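**Student:** Dropping the structure in here first, questions after.
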Amino acid sequence: MAGPDDREAPNAGQAAFWTDLPGQKWALLHTRLDRLFSEATALLLDRAGIAPGEDILDIGCGAGDTTLAAARLCGPAGSATGVDISETLLAEARRRGAGVPGVTFVHADAQTHAFAPACYDLLISRFGLMFFADPVTAFANIATGLRPGARVVFAAWAPAEENPWSHVPKAAGTDHFGPLPPDEPREPGQFAFAERDYAAGILAAAGYTDVAAEAADIHLRFDGNAADAADLATTIGPVSRFLREKNGTEEDRRAIAEVVARGFGRWESPDGMRIPARLNVFGALKPRESISG
């Protein structure tokens, strides 16, 4: 079976991306990113309704924030397993989770990984399920690790134009460098599940039932001012792509960040930044009768 770093594996490009410099940035900045996404995490866990003693599977766990939060809710009688394609991010997750009862982190491509059969009561993910080359195959494969009747709850991004954290830096990058080639529709990546009906159809095609999808409005929180938030937003995200593809410099990044800071200024508050964001939240069940692969 191909591993996540195999160059012939279906998601080898994602493995390389999240293990190399972009993944290194996310690992280094994980504290600020966990704070940024704290409302998304709270929403996800509220919808998941984790009970003590449940066994949780967290796909695309990154540096481990959601896995560790799930572990606190399921308690020592349960377990929380985080799976990610990036060994770089998992190294940070393992450091944070060292000694926490019931927590395990697995380096794997969830589209092809041989999950132990029927081990988990719940699948969760915070922005970790939009990257599969073949999402129907991936969700069907993940289902092999879920118990009959297991719940599925995950969050993905609504369209970029509804999320200033993305569209403000992208507009500034476009003004500075000129446009990049457009992404292919539904291409694996941050906004692959921006269309709720499309993503819900993937779940149904993979054999899940009781599929539900809805938009949810939250805030991205940042402990600092607009200039601080702009610095983060231009270190990761769409501006990084501009810098890679246009051979940009740190001077270019700083110039873009100044523009982004002006755009973000309207969302400063006495307790830091509160940038509006829109998510898509999905729910489903694994049937009581097994999903066939």
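The values are calculated or read from the model by the stated rules, or taken from the named source; none is laboratory data. Computed from a predicted model, the values in this text were never measured in an experiment. Because the Cβ atoms are built from the backbone with ideal geometry, glycine has one as well, and the counts that use them run over all protein chains shown. In case anyone asks, the SASA skips ligands and DNA or RNA and just uses the protein heavy atoms, side chains included. Shrake-Rupley method; radii C 1.70, N 1.55, O 1.52, S 1.80 Å.
**Student:** Looking at segment 64-85, which of its residues are open to solvent by 10 Å² or more (accessible area, probe 1.4 Å), within 13 Å of Phe127 (Cα to Cα) and in contact with an Asp or Glu (Cβ under 8 Å, 6 or more places away or on another chain)?
**Tutor:** Within segment 64-85, just Asp65 meets the criteria.
**Student:** Given the condition among the aliphatic types (A, V, I, L, M) and touching a Leu at 6+ places or on another chain (Cβ under 9 Å), answer yes or no: does some residue in segment 158-180 qualify? Show your work before the answer.
**Tutor:** From segment 158-180, those among the aliphatic types (A, V, I, L, M) are 158, 160, 168, 171-172, 180; that's our starting set.
Among the residues that remain, those that are also touching a Leu at 6+ places or on another chain (Cβ under 9 Å) are: 158.
Yes.
**Student:** Next up: Kindly establish whether Asn225 is in contact (Cβ under 8 Å) with a residue 40 or more places away in the chain, surrounded by fewer than 18 Cβ atoms within 10 Å (Cβ to Cβ) and under 19 Å from Phe37 (Cα atoms). Spell out how you get there, then give the answer.
**Tutor:** Numbers: in contact (Cβ under 8 Å) with a residue 40 or more places away in the chain: yes; surrounded by fewer than 18 Cβ atoms within 10 Å (Cβ to Cβ): yes; under 19 Å from Phe37 (Cα atoms): yes.
It is true that Asn225 is in contact (Cβ under 8 Å) with a residue 40 or more places away in the chain, surrounded by fewer than 18 Cβ atoms within 10 Å (Cβ to Cβ) and under 19 Å from Phe37 (Cα atoms).
**Student:** Taking segment 189-228 only, how many residues are outside any loop (DSSP other than H, G, I, E, B) and either over 18 Å from Ala138 (Cβ atoms) or not aliphatic (A, V, I, L, M) (or both)?
**Tutor:** To start, the set of residues in segment 189-228 that are outside any loop (DSSP other than H, G, I, E, B) comprises 196-205, 209-222, 226-228.
Filter once more, keeping what is either over 18 Å from Ala138 (Cβ atoms) or not aliphatic (A, V, I, L, M) (or both): 196-198, 201, 209-210, 212, 214-222, 226-228.
Count: 19.
**Student:** Okay, moving on. Take segment 44-54 and flag every residue that is of a type in the set (D, E, K, R) and either crowded, with 18+ Cβ neighbours inside 10 Å or within 18 Å of Pro76 (Cβ to Cβ) (or both).
**Tutor:** Of all residues in segment 44-54, those of a type in the set (D, E, K, R) come to 46-47, 54.
Arg47, Glu54 - these are the residues of segment 44-54 that are of a type in the set (D, E, K, R) and either crowded, with 18+ Cβ neighbours inside 10 Å or within 18 Å of Pro76 (Cβ to Cβ) (or both).
**Student:** Return the total of residues in segment 229-255 being under 18 Å from Arg35 (Cα atoms), in contact with a Gly (Cβ under 9 Å, 6 or more places away or on another chain) and open to solvent by 20 Å² or more (accessible area, probe 1.4 Å).
**Tutor:** Just the residues of segment 229-255 that are under 18 Å from Arg35 (Cα atoms), to begin with: 229-237.
From what is left, the residues that are in contact with a Gly (Cβ under 9 Å, 6 or more places away or on another chain) are 229-232, 234.
Restricting the remaining residues to those that are open to solvent by 20 Å² or more (accessible area, probe 1.4 Å) gives 231.
Residues meeting the conditions: 1.
**Student:** Additional query: Can you give me the number of residues within segment 135-152 that are within 17 Å of the chain's Cα centre (by Cα) and open to solvent by 10 Å² or more (accessible area, probe 1.4 Å)? Before you say what the answer is, go through the steps one by one.
**Tutor:** Taking segment 135-152 and keeping what is within 17 Å of the chain's Cα centre (by Cα), we get 135, 138-139, 142, 152.
Now drop any that are not open to solvent by 10 Å² or more (accessible area, probe 1.4 Å), which leaves 135.
Total satisfying the criteria: 1.
**Student:** Within segment 258-275, identify whether any single residue is part of a loop (DSSP other than H, G, I, E, B), farther than 29 Å from Arg47 by Cα and within 25 Å of the chain's Cα centre (by Cα), and answer yes or no.
**Tutor:** Checked against the condition, which is being part of a loop (DSSP other than H, G, I, E, B), farther than 29 Å from Arg47 by Cα and within 25 Å of the chain's Cα centre (by Cα), segment 258-275 yields no hits at all.
**Student:** List pairs: first residue in segment 8-22 and closer than 17 Å to Gln190 by Cα, second residue part of a helix (DSSP H, G or I) and not polar (S, T, N, Q) anywhere in the structure, Cβ distance under 8 angstrom, at least six positions apart or on different chains.
**Tutor:** Phe17/Gly23; Trp18/Trp26; Trp18/Leu89; Thr19/Glu87
**Student:** Tell me which residues, restricted to segment 107-118, are in contact with an Asp or Glu (Cβ under 8 Å, 6 or more places away or on another chain) and open to solvent by 40 Å² or more (accessible area, probe 1.4 Å).
**Tutor:** Selection gives His107 alone.
**Student:** Would you please name the residue that is nearest to the chain's Cα centre (by Cα), looking only at residues in segment 184-194 that are free of Cβ contacts under 8 Å to residues at least 24 places away in the same chain and on the phi < 0 side of the Ramachandran plot? Spell out the reasoning first.
**Tutor:** If we filter segment 184-194 for residues that are free of Cβ contacts under 8 Å to residues at least 24 places away in the same chain, which is where we start, we get 184-187.
This time we only want the ones that are on the phi < 0 side of the Ramachandran plot, so: 184-185, 187.
Numbers: Glu184: 19, Pro185: 19, Glu187: 15 Å.
In this case the residue turns out to be Glu187.
**Student:** Return yes when Thr41 is of a type in the set (Ser, Thr, Tyr), under 18 Å from Ile236 (Cβ atoms), open to solvent by 20 Å² or more (accessible area, probe 1.4 Å) and outside any strand (DSSP E or B) and no when it is not.
**Tutor:** Values: of a type in the set (Ser, Thr, Tyr): yes; under 18 Å from Ile236 (Cβ atoms): yes; open to solvent by 20 Å² or more (accessible area, probe 1.4 Å): no; outside any strand (DSSP E or B): yes.
So Thr41 fails the test.
**Student:** Look at Glu258 and say whether it is open to solvent by 50 Å² or more (accessible area, probe 1.4 Å) and over 25 Å from Glu162 (Cβ atoms).
**Tutor:** Details: open to solvent by 50 Å² or more (accessible area, probe 1.4 Å): yes; over 25 Å from Glu162 (Cβ atoms): no.
So Glu258 does not fit the description; no.
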